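K.L.:
Attaching a single structure in structure tokens format; questions to follow.
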Ligand SMILES: [Zn+2]
């Protein structure tokens, strides 16, 4: 599994932590504002805090600020990864949870991580904000693949948040109920800013989703025919901004594109989530596929994605 390019999308989350650490000290809503806000609310509303010594207050405050900061860092890293990789990252993330059985509960906060429900919902909002959740009508109307992709991506839509803080599970956070509620308040209050900041770090996030919707159909067609989708020839002219398409001949009837890794990976993920049904039909001539055959097809798709990404790097380095 470790050499599977789709599974490895999870590594972009770790890159997100690095981006967060580079930015965190210069962003007051992550650090000093957070500390001041929590200190004020503890002084006003927690009698045991107000009556503690200065040293005890400092320790208590420091520990809880650090926990909220970890939650923010996790969300930030998820959003950086989502903005770079698209829905494919969100699926890889849920694969990881399933494999390692780390989901103790969708509403469970821990000292290091916010509740999976919060993570999933922030990933989903980020996908919506950078254009993954709606098929742009002007680009490819009525494509069966785009409809399938839309359907697959909508599965990432999270359930509703609890009505109030008491319904989040704070059992593993190691603080009292009242403190936990204040920490969640402070965290939730910052989450929109955190998301906006993380998305802004990936400047071409929107063009990644645009290219997917523009070329997805053709890339899926290549993969379904067992062709590495390094070069796509399409009758669709390139949109006015972004996406580079070169006319293949003088009369501009066809255009040649080299799809980016993000597009190829997301197309492959859609096919995975759909069970690679078209490919399996070819492989098995319409009889029911065995487990080994399914695994084999999945491996091959992963290898073709690998190859397409390698080819893309070659094309980019050649200018
Ligand atoms: Zn993390």
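Per-residue answers, yes or no, for (1) within 16 Å of residue 126 (Cα to Cα); (2) more than 16 Å from the ligand (Cβ to nearest atom):
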{"site": "13", "(1), (2)": "yes, no"}
{"site": "41", "(1), (2)": "no, yes"}
{"site": "44", "(1), (2)": "no, yes"}
{"site": "70", "(1), (2)": "no, no"}
{"site": "75", "(1), (2)": "yes, no"}
{"site": "79", "(1), (2)": "yes, no"}
{"site": "89", "(1), (2)": "yes, no"}
{"site": "93", "(1), (2)": "yes, no"}
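K.L.:
Any residue that is closer than 17 Å to residue 75 by Cβ, in contact (Cβ under 8 Å) with a residue 24 or more places away in the chain and more than 22 Å from the chain's Cα centre (by Cα) - is there at least one of those in the stretch 140-148? Show your work before the answer.
P.N.:
The first filter runs over the stretch 140-148 and keeps only residues closer than 17 Å to residue 75 by Cβ, leaving none.
No, the conditions are met nowhere in the stretch 140-148.
K.L.:
Confirm whether residue 220 is part of a helix (DSSP H, G or I) and closer than 23 Å to residue 108 by Cβ.
P.N.:
Values: part of a helix (DSSP H, G or I): yes; closer than 23 Å to residue 108 by Cβ: no.
Spelling it out, it is not the case that residue 220 is part of a helix (DSSP H, G or I) and closer than 23 Å to residue 108 by Cβ.
K.L.:
Of (1) within 26 Å of the chain's Cα centre (by Cα); (2) part of a helix (DSSP H, G or I), residue 230 satisfies all except one. Which?
P.N.:
Checking residue 230 against (1) within 26 Å of the chain's Cα centre (by Cα); (2) part of a helix (DSSP H, G or I), the one that fails is (2).
K.L.:
Still on this structure: Quick test for you: out of 17, 48, pick the one residue that is within 13 Å of the ligand (Cβ to nearest atom) and either buried (at least 16 other Cβ atoms within 10 Å of the Cβ) or in the same structural domain as residue 184 (by TED's automatic domain parsing) (or both).
P.N.:
Working: 48 fails: within 13 Å of the ligand (Cβ to nearest atom).
The unique qualifying residue is 17.
K.L.:
Which condition from (1) in a helix (DSSP H, G or I); (2) free of Cβ contacts under 8 Å to residues at least 12 places away in the same chain is the one that residue 38 breaks?
P.N.:
(2)
K.L.:
Every residue in the stretch 104-124 that is part of a helix (DSSP H, G or I) and more than 16 Å from the ligand (Cβ to nearest atom), please. Lay out the reasoning, then the answer.
P.N.:
Going residue by residue through the stretch 104-124, those that are part of a helix (DSSP H, G or I) are 116-124.
Residues satisfying the conditions are 117, 121, 124.
K.L.:
For the stretch 15-27, which residues satisfy the criterion of being assigned to a helix (DSSP H, G or I) and more than 22 Å from residue 310 (Cα to Cα)? Spell out how you get there, then give the answer.
P.N.:
To start, the set of residues in the stretch 15-27 that are assigned to a helix (DSSP H, G or I) comprises 15-24.
The answer is 16, 17, 18, 19, 20, 21, 22, 23, 24.
K.L.:
Taking the conditions exactly as written (closer than 22 Å to residue 78 by Cβ, under 22 Å from the mean Cα position of the chain (by Cα), surrounded by 18 or more Cβ atoms within 10 Å (Cβ to Cβ) and not assigned by TED's automatic domain parsing to the domain that holds residue 13), does residue 187 satisfy them or not? Step through it out loud before you land on a result.
P.N.:
Numbers: closer than 22 Å to residue 78 by Cβ: yes; under 22 Å from the mean Cα position of the chain (by Cα): yes; surrounded by 18 or more Cβ atoms within 10 Å (Cβ to Cβ): yes; not assigned by TED's automatic domain parsing to the domain that holds residue 13: no.
Considered against the rule, which asks whether it is closer than 22 Å to residue 78 by Cβ, under 22 Å from the mean Cα position of the chain (by Cα), surrounded by 18 or more Cβ atoms within 10 Å (Cβ to Cβ) and not assigned by TED's automatic domain parsing to the domain that holds residue 13, residue 187 comes out as no.
K.L.:
Another one. Being over 23 Å from residue 37 (Cβ atoms), modelled with pLDDT of 85 or more and surrounded by fewer than 17 Cβ atoms within 10 Å (Cβ to Cβ) is true for just one of 160, 141. Which residue is that? Break it down into steps so the answer makes sense when it comes.
P.N.:
Details: 141 fails: modelled with pLDDT of 85 or more.
Only one candidate qualifies: 160.
K.L.:
Picking from 74, 14, 66, which residue would you name as being without any contact (Cβ under 8 Å) to a residue 12 or more places away in the chain and under 24 Å from residue 118 (Cα atoms)? Step through it out loud before you land on a result.
P.N.:
Values: 74 fails: without any contact (Cβ under 8 Å) to a residue 12 or more places away in the chain; 14 fails: without any contact (Cβ under 8 Å) to a residue 12 or more places away in the chain.
The match here is 66.
The values are calculated or read from the model by the stated rules, or taken from the named source; none is laboratory data. Since the structure is predicted, the reported quantities are computational estimates derived from the model, not experimental observations. All Cβ positions, glycine included, derive from the backbone under ideal geometry; neighbour counts span all protein chains shown.
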